[in-house]
Amino acid sequence: MNSSDTPSIISQNIQRVRCEIQETLTKCGRSGEKVSIVLVSKFHPQEKIIEALDAGIVEFGENRVQEAEAKFPPLFPRYPALNLHIIGRLQLNKVKKAVALSSFIDSVDSLKVLEAVEKACFQLNKKVNILLECLVGEESKAGFSSLEALKEATSLILEGKCPHITLRGLMAMAPNTPDKEAIKNSFLTVKGYKNALENSFPSLTLQTLSYGMSGDYKLALECGSNEVRLGTCIFGPREY
Ligand SMILES: *Cc1c(COP(=O)(O)O)cnc(C)c1O
C-alpha cells in the first residue's frame, strides 16, 4: 500500500476501469456477468506490479518470457493468488521457461506451440491453462486462422493427446486500425469460433473469450469478451 492516505494513481485507474467495465456490461445487457482483467505489465517495473497487487489485481500478462522471468519469481511467494499469463508470441525454445513461470499461456498460436507446451508440462510435471490464439486481422500476429485449424487443435486436446493442458478458451487481438467495424468484426469472428467449436464438440466449454485492450475493451465487451488484457489504461504509457 501507499504510505499516504490517497490511493495511488494505479489503484485509482483500476477503480475507474472496473466501473467502466460494469457500465458497459449494463449497457449491453450483460450486468452481473464476470469479466476478468489481465493487467499487462510489459515494460513496467516491478514496483508498479506490486502497487497493482496491493490494489487487488492478481492476473498479470507479459509478452516476453525473459522479462517475466526477471520480474515475477520474487513475487509468487508473497502473493499466492498471483497468476501470470504469457500473452506474446512464443518461440519454441522459450516454451519451457514460459510454462515454468506461468499458469496460463494465452498465446498458443499453432499446433507446434501446443505440442511444445504439452512436452514442457510433462517435463516439469505441471499443468497449465491455455487459450488458442485466433488470427483475425492483426497481421503481425500468428494464430489459428480458420475454424478448421481450431478444430484440429481442439480435437488433439479432447482426444487426450495433451493431458497436461486445460483448454480454457480463445484469445485474439483486433487489427490495428481506427476502423471500428473492422475491429468489431474481428471480435465477432472469435465469438463465432467459440460457438462453432462448442457445437462441434459437445463436451467442450470454452469459458474464456480474451479480447479487448486499452483502446478497444468496451467494444470487446459489447462483442462478448469476458477477459480484457489492459496495460496503458491502468499503468500509463510504456517506457520502451
Ligand atoms: C500489450 C498488449 C496488451 C495491452 O495493450 P494496452 O493497449 O496497453 O492495453 C494486450 N494484449 C497483448 C497481446 C499485448 O501485447
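State the percentage of accessible surface on the stretch 150-239 attributable to carbon and sulfur atoms; use a 1.4 Å probe and exclude ligands, DNA and RNA. Each step should come with its number before you reach the end.
Numbers: 1900 of 3960 Å².
After summing per-atom areas, the C and S share lands at 48 percent.
Which of the GluC sites (Glu not before Pro) found in the stretch 1-108 are in a DSSP loop and have at most 16 neighbouring Cβ atoms, other than their own, within 10 Å? Don't skip to the end; give the middle numbers.
Working: sites: Glu20, Glu23, Glu33, Glu47, Glu51, Glu59, Glu62, Glu67, Glu69; in loops: Glu33.
Taking the stretch 1-108 and a limit of 16 other Cβ atoms within 10 Å, the loop GluC sites (Glu not before Pro) found are Glu33.
When the Kirkwood radius is taken over all Cα pairs of the chain, what Stokes-Einstein diffusion coefficient follows at 4 °C and 1.567 mPa s, in µm²/s? Can you show the working numbers first?
Numbers: Rh = 18.3 Å.
Rounded, D is 71 µm²/s.
Can you give the accessible area of Tyr79 in Å² (nearest 10), computed on protein heavy atoms with a 1.4 Å probe?
Solvent-accessible area, nearest 10 Å²: 40 Å².
Go through Arg229, Arg168, Arg16, Arg64 and list them by solvent-accessible area, largest first, probe radius 1.4 Å.
Working: Arg229 10, Arg168 65, Arg16 105, Arg64 125 Å².
From most accessible down to least: Arg64, Arg16, Arg168, Arg229.
Quick check for you: with a 1.4 Å probe and neighbouring chains kept, what is the accessible area per residue of the chain, in Å²?
Values: 11590 Å² over 240 residues.
For the chain, the per-residue accessible area is 48 Å².
Just to confirm my numbers, what's the Cα centroid distance between the stretch 1-59 and the stretch 164-185 in Å?
21 Å
Name the long-range amide H neighbours of Ser107: under 5 Å, sequence gap of 5 or more, or other chain; modelled H, no Pro or chain starts.
Leu131
Filter Lys96/Lys180; Lys34/Lys119; Lys71/Lys127; Lys127/Lys218; Lys71/Lys194 down to the pairs with a C-alpha to C-alpha distance above 29 Å, please. Write down the numbers at each step before the final one.
Numbers: Lys96/Lys180 37 Å; Lys34/Lys119 32 Å; Lys71/Lys127 22 Å; Lys127/Lys218 32 Å; Lys71/Lys194 33 Å.
Distance filter (> 29 Å) returns Lys96/Lys180; Lys34/Lys119; Lys127/Lys218; Lys71/Lys194.
Note down the Stokes-Einstein diffusion coefficient of the stretch 81-132 in µm²/s, whole number, using a Kirkwood radius over alpha carbon pairs, 37 °C, and 0.692 mPa s. Walk me through the numbers on the way to the answer.
Numbers: Rh = 10.6 Å.
Once the numbers are plugged in, D ends up at 310 µm²/s.
Give me the percent relative contact order of the chain, please, defined on Cα pairs under 8 angstrom at least 6 residues apart.
Working: 410 pairs, mean separation 47.5, N = 240.
Worked out over the chain, it gives 20 percent.
The values are calculated or read from the model by the stated rules, or taken from the named source; none is laboratory data. Not measured: the values here are computed from a predicted model. Cβ coordinates were reconstructed from backbone atoms using ideal geometry, including for glycine residues, and neighbour counts include every protein chain displayed. Side chains included, ligands, DNA and RNA excluded: accessible areas come from the protein's heavy atoms. Shrake-Rupley method; radii C 1.70, N 1.55, O 1.52, S 1.80 Å.
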